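Report on the following structure.
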Amino acid sequence: MLTITEIFHSIQGESTYAGAPCVFVRLTGCDLRCAWCDTPYAFSEGREAAVDEVVATVASFGCPLVEITGGEPLLQDDVYPLMAALLSRGMTVLLETGGQLSVDRVPAGVVKILDVKCPGSGESARNHWPNLDRLQPADQVKFVILDRADYEFARHVVMRHEIASRCAAVLFSPVHGALDPAELAAWILADRLPVRLQLQVHKLIWGAHARGV
């Protein structure tokens with residue numbers, strides 16, 4: 001059984017899949033409390049559902065792209081058979097994970113979107129660094145950046161671990177409403193970093209507080 005906060009069909013707002021129609025499966029529960037978290041309702045809201053029920057609901061939208069997110073989806077053991085079942089139906093499966101738990105059990109074929117927590121999140125001590133050694137060519141690594149200190153932390157990690165050569169994309173995402181994207185863009189350009197500036201498209205379309213989008 002899984003505990004599900006919500007399942008909805010929307011436009012993907014992040015990663016290199018931004019702009020594409022996508023079904024989101026938001027699992028309940030998280031063991032982090034990031035300072036800028038925009039989905040605190042996923043900490044505890046939710047209902048129980050069997051894996052087969054979730055797969056059927058996802059399939060009903062007729063959309064080939066699905067993202068498993070949270071909360072922290074890897075806290076629930078049945079997320080692994082869920083991902084395997086979605087892959088078996090020929091879907092492109094994205095997993096958004098906070099990066100504090102090992103991704104070694106994630107099925108091959110799942111595109112991992114792995115967060116690396118910066119100091120401004122208040123959770124940077126929880127980063128599970130061995131995950132960087134488990135990156136596959138299709139995976140993506142995301143840094144949510146609050147300020148210049150976060151940027152310098154992220155820049156150091158990207159260069160020290162040569163992340164850009166180990167995955168499909170490195171994403172630098174400014175905290176919505178806290179860091180001017182133009183300022184982050186200027187820093188990236190000045191340092192000639194091999195990263196992408198990511199804006200949260202869903203927030204630009206529907207606003208920062210809309211749910212189910």
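The values are calculated or read from the model by the stated rules, or taken from the named source; none is laboratory data. Worth saying up front: this structure is predicted, and the values here are computed from it rather than measured. Every residue, glycine among them, receives a Cβ derived from its backbone with ideal geometry; neighbour counts consider all protein chains shown. Ligands, DNA and RNA are excluded from the accessible area calculation, which covers all protein heavy atoms including side chains. Shrake-Rupley method; radii C 1.70, N 1.55, O 1.52, S 1.80 Å.
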Problem set entry | Global geometry of the range 16-70, whether rounded, prolate or oblate, following the gyration tensor of its Cα atoms and the 1.5 cut on a/c | oblate
Exercise. From the square roots a ≥ b ≥ c of the eigenvalues of the alpha-carbon gyration tensor of the chain, which class results: rounded (a/c under 1.5), prolate (a/b over b/c), or oblate?
Worked result: prolate
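What does the accessible area per residue of the chain come to in Å², with a 1.4 Å probe and no ligands, DNA or RNA counted? Mind showing how you got there, number by number?
Details: 9360 Å² over 213 residues.
Counting only protein heavy atoms, the per-residue value for the chain is 44 Å².
Mind running the shape call on the range 165-205? Use the C-alpha gyration tensor, a ≥ b ≥ c as the square roots of the eigenvalues: rounded below 1.5 for a/c, prolate if a/b tops b/c, oblate otherwise.
oblate
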For this session: Could you grab the relative contact order for the chain? Cα pairs under 8 Å, six or more apart, rounded to a whole percent.
Result: 19
Exercise. What distance in nm separates the simple spin-label points at Ala108 and His161, each placed 7 Å from Cα in the Cβ direction?
Worked result: 2.3
Exercise. Between Gly90, Cys63, Val157, whose Cα lies farthest towards the positive end of the dipole of the chain when Lys and Arg beta carbons carry +1 and Asp and Glu beta carbons carry -1, centred on the Cα centre?
Worked result: Val157
Exercise. How much length is gained if the chain between Asp78 and Arg33 is pulled fully straight, taking 0.36 nm per residue apart and subtracting their Cα-Cα distance, in nm to one decimal?
Worked result: 13.9 nm
Seminar exercise, completed: To the nearest 0.05, the calculated FRET efficiency linking Ala125 and Cys63 through their beta-carbon distance, R0 being 45 Å, is 0.75
Exercise. About the Cα centre of the chain, what is the dipole size in debye to 20, counting +1 per Lys and Arg Cβ and -1 per Asp and Glu Cβ, all else neutral?
Worked result: 400
